[in-house]
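Asker: Encoded as structure tokens, here's the structure I'll be asking about.
The values are calculated or read from the model by the stated rules, or taken from the named source; none is laboratory data. Note that the structure is predicted; figures quoted are calculated from it, not measured. Heads up, the Cβs are rebuilt from the backbone with ideal geometry, glycines too, and the neighbour counts pull from every protein chain shown. Quick note on the areas: whole protein, heavy atoms, side chains included, nothing else; ligands and nucleic acids left out. Shrake-Rupley method; radii C 1.70, N 1.55, O 1.52, S 1.80 Å.
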Amino acid sequence: MTTFPSTAPDGSTFLSRHLGPRPSDVAAMLEVLGYPTLDAMIDAVVPEAIRRRQPLDLPAPISETEALAALRAMADENQVFKSWIGMGYSGCHTPTVIQRNVLENPGWYTAYTPYQPEIAQGRLEALLNFQTMVSDLTGLPIANASLLDEGTAAAEAMSLTLAVAPHAAAPRYLVDAQCHPQTIAVVRTRAAARGVAVEVGDPAGFRFDAGAIGCLLQYPGTEGGIPDHRAVVERAHAAKAVVTVAADLLALTLLVPPGEWGADIVVGNSQRFGVPLGYGGPHAAFFAAKEEHKRHLPGRLIGVSRDRDGRPALRMALQTREQHIRREKATSNVCTAQVLLAVIASMYAVYHGPEGLRFIAATVHRRTAALARALAALGYTLRHQAFFDTITVETDAAKAIRIHETARARGINLRPVSATAIGVSFDETTTAADARAVAEVFALGGTPPALDESAEALPDGVRRTSAILTHPVFHRYRSETEMLRYLHRLEARDLSLTSAMIPLGSCTMKLNASTEMMPITLPGFGGLHPFAPTDQARGYARLFADLERWLAEVTGFAKISLQPNAGSQGEYAGLLVIRAYHHARGDERRDVCLIPQSAHGTNPASAVMAGYRVVVVKTDPQGNVDIADLKAQAAAHRDQLAALMVTYPSTHGVFEAGIREICEIVHQHGGQVYMDGANMNAQVGLTRPFDIGADVCHLNLHKTFCIPHGGGGPGMGPICVAEHLAPYLPNHPVVDLGAG
């Protein structure tokens, strides 16, 4: 009689498919290494003093089908309203040819950072397209291959300004009150650590006197107005101050670009170029500048070279791995880009071309103008008469409450600018019916006038007359067939996990499983505006709570912040937490950060950005921390010692036996231990940073927990802290995270 199988065959579970090697493969590797079992190898590699013998307290594993069902249930808990909130985030349509062939394609999302250009020519061409698009739209000659978000880009512009502006004993940085609040918050945080005073106000009143190194302007403003900043720029340049403008890329298809009215730097967010909202990210920021600032440009820059046969070849140029070369003298700690998202944004421009982008922008603008006229007819006052896609409507407090309640009853979110002002921001997804629904909301039961989309609200002085996107790449691929072939032609020039392993570090040594990637395109996850009311994001709240709890168990720490959006930003945030802890105790003298010679190059760069003085600790001939030198340096700086940055396992991949002693030495001299979690992949289940003696640790989720590396980004760098550091975790100026 035939017996049917009662147990799942080897390789049928998510775990075994995800890890790949079969028991026979493991046995073969162990034989080469000379160990009888995997446990014997681990016992030889991981010091006994830090080994964790009990299993982690985590939920039981579930199947792929069960995981997808659980994630869909979370997505369904989120309420995806029509959010006309703006503030730097806009709904958009991801062309399906781009969604299916880039965002959902492992040929694009499993590729590694393009350190080896010969196996990354496709990705580099897509990033060159991104740079060309940004340069054209901003009116500046040079642009980088993207940054982490608009706030980070604005903060990097402030840092560049500090580096190139005439030295000032007490530098001041002037910030337009019409910048988005999250941008202002990031710039304030970055400036405080560098000793720069930030003054927020009306640009018309900016004082470019002694100490004013530069300014940040918003164009259009967060409330929608389109100011003429030319006079501000003239006054700034007369005082040798650097002018940065945070701009909207879609608006720049219709508006005079900042580069044409004197801006030195232009930054912003490319999200509305086909990248889903995703509750706030990840999205690719952009950074463009004048030619004279190219040596200080943060992040990565793609350049065109020639190979030995004279053929054009692309590579990362100038700032490539600048942190590893200049270390504590680096002007930025950003060693990555948002490649996957920058590729999507660039391909959105390639697909639509200049005519398509201008049509989308004009439709959004005319629809907004039609609503503005209708609201004026209803008796409302608008704060600004010139605008692109955003209007701010004045009313009284009682009526504002009624309007918001009426809107939400119809599945619409509007922006509460203040108790008596309401913001409305339209986007590519806004239909004529949507605009009519908003007008009806403001009518509060009455009948609004018909919406006439034939007129505009852009004065002649702000209308763009210069050409955009003239390069042939933005004119060739109009049909889906042509676009499909272009995307696959570029994909074929890259090496990804679809064809081979890439032996360039822990970033690559795992698979972005299809089951893990599928949920990102669920509307309940991808369609949510980051500033939607929190009661509409209960699924996200549950997901975050689960992730924080599991990461706490994996690392041993008490509290987690999911705020940092890259490993470099996790380093920076962790160091700021330590800095805030010392300052809260009245110990502001502690500004020395000890960093081993072998440390990852972003470590010293992050320390300087966080306001620390870097003191290098020697390493021994095997690359381990020289404990005798550590003792000497800790003693020499005992009254100023703030922190030690240490990577574990080390940069050389070794579990240093003296790690407990290293942590104790730092603690004995009043410092805190920051552990770089870049190699956390090797710790999970075997030991935990907190148990070893660390006080704070960042995690690279793309290295250890399988979010996509995407050819050099996106990344995410949560920080985990001990209980005494929890009060100093970051918060947010718009959404209360209950931290910081």
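Asker: Can you bin segment 253-297 into rounded, prolate or oblate? Criterion: square roots of the alpha carbon gyration tensor eigenvalues sorted a ≥ b ≥ c, rounded for a/c under 1.5, prolate for a/b above b/c, oblate for the rest.
Answerer: Oblate, since a/c reaches 1.5 and b/c is not below a/b.
Asker: Over the chain, average the accessible area per residue using a 1.4 Å probe and give it in Å², no decimals.
Answerer: It amounts to 40 Å² per residue over the chain.
Asker: Tell me, what HN-Hα J-couplings in whole Hz come from the Karplus equation 6.51 cos²θ - 1.76 cosθ + 1.60 at θ = phi - 60° for each residue of segment 381-396, using x for Gly and Pro?
Answerer: 9, 9, 5, 10, 8, 10, 7, 9, 10, 10, 10, 10, 9, 8, 7, 9
Asker: If you roll a 1.4 Å probe over the chain with all protein chains in place, what percent of the accessible area is carbon or sulfur?
Answerer: 55 percent
Asker: In terms of modelled amide H atoms, which long-range or inter-chain residues lie less than 5 Å from the amide H of Asp494?
Answerer: Residues meeting the amide H criterion: Gly122.
Asker: Please report the spacing between the Cα centers of segment 55-75 and segment 374-433 in Å, no decimals.
Answerer: So the separation of the two Cα centres works out to 41 Å.
Asker: Need the full-extension length gain, Ile62 to His732, defined as separation in residues times 0.36 nm minus the C-alpha distance. One decimal, nm.
Answerer: 237.8 nm is the gain from fully extending Ile62 to His732.
Asker: Would you kindly derive the ³J(HN,Hα) couplings of segment 713-728 from the backbone phi angles with the Karplus curve 6.51 cos²θ - 1.76 cosθ + 1.60 (θ = phi - 60°), listing them in order in whole Hz, with x for Gly and Pro?
Answerer: Those phi angles translate into x, x, x, 8, x, x, 10, 10, 9, 6, 4, 6, 9, 4, x, 10 Hz.
Asker: Okay, moving on. Pull out a ≥ b ≥ c, the square roots of the eigenvalues of the alpha-carbon gyration tensor of segment 548-600, then state rounded if a/c is under 1.5, prolate if not and a/b is larger than b/c, and oblate in the remaining case.
Answerer: Judged from the Cα gyration tensor, segment 548-600 comes out oblate (a/c at least 1.5, b/c at or above a/b).
Asker: What list of ³J(HN,Hα) couplings, whole Hz, do you get for segment 96-102 from phi and the Karplus terms 6.51, -1.76, 1.60, once you set θ to phi - 60° and write x for glycine and proline?
Answerer: These are the phi-based 3J(HN,Hα) values: 4, 5, 7, 4, 6, 9, 10 Hz.
Asker: Could you compute the FRET efficiency for Thr521 and Asp546, with r as their C-beta to C-beta distance and R0 at 25 Å, rounded to 0.05?
Answerer: E(calc), rounded to 0.05, equals 0.75.
Asker: Here's a follow-up. Highest mean first, how do 430-436, 630-636, 377-383 rank when packing is the count of other Cβ atoms within 10 Å averaged over residues?
Answerer: 630-636, 430-436, 377-383
Asker: OK, next. Check Ile142: other-chain or 5+ apart residues with amide H under 5 Å from its amide H, H built from backbone geometry?
Answerer: Sorted by chain and number, the residues that satisfy this are Ala289.
Asker: Now for a separate question. Can you give the calculated 222 nm mean residue ellipticity of the chain, where each DSSP H run of n ≥ 4 adds -39,500 (n - 2.57) and the sum is split over every residue, rounded to the nearest 500 deg cm²/dmol?
Answerer: -10500 deg cm²/dmol
Asker: Can you tell me how segment 400-544 classifies by the Cα gyration tensor, rounded, prolate or oblate, using a/c under 1.5 as the rounded cut?
Answerer: Verdict is oblate for segment 400-544.
Asker: Follow-up. I'd like the distance separating the alpha-carbon centroids of segment 690-724 and segment 635-669, in whole Å.
Answerer: Measuring centre to centre over Cα atoms gives 19 Å.
Asker: Would you mind counting up the charge near Ala632? Only other residues with Cβ under 12 Å from its Cβ, with Lys and Arg at +1 and Asp and Glu at -1.
Answerer: Here the count lands on +1.
Asker: Please list, in chain and number order, the residues 5+ apart from Val617 or on another chain whose amide H is under 5 Å from its amide H, with Hs placed from the backbone.
Answerer: Ile595, Gln597
Asker: Ok, one more. For segment 390-485, what is the charge dipole size about the Cα centre, in debye to the nearest 20, if Lys and Arg each add +1 at the Cβ and Asp and Glu each add -1 at the Cβ?
Answerer: Rounded to the nearest 20 debye, it is 240 debye.
Asker: When you count, for each residue, the other Cβ atoms within 10 Å and take the mean per peptide, how do 162-174, 35-47 rank with the highest first?
Answerer: 162-174, 35-47
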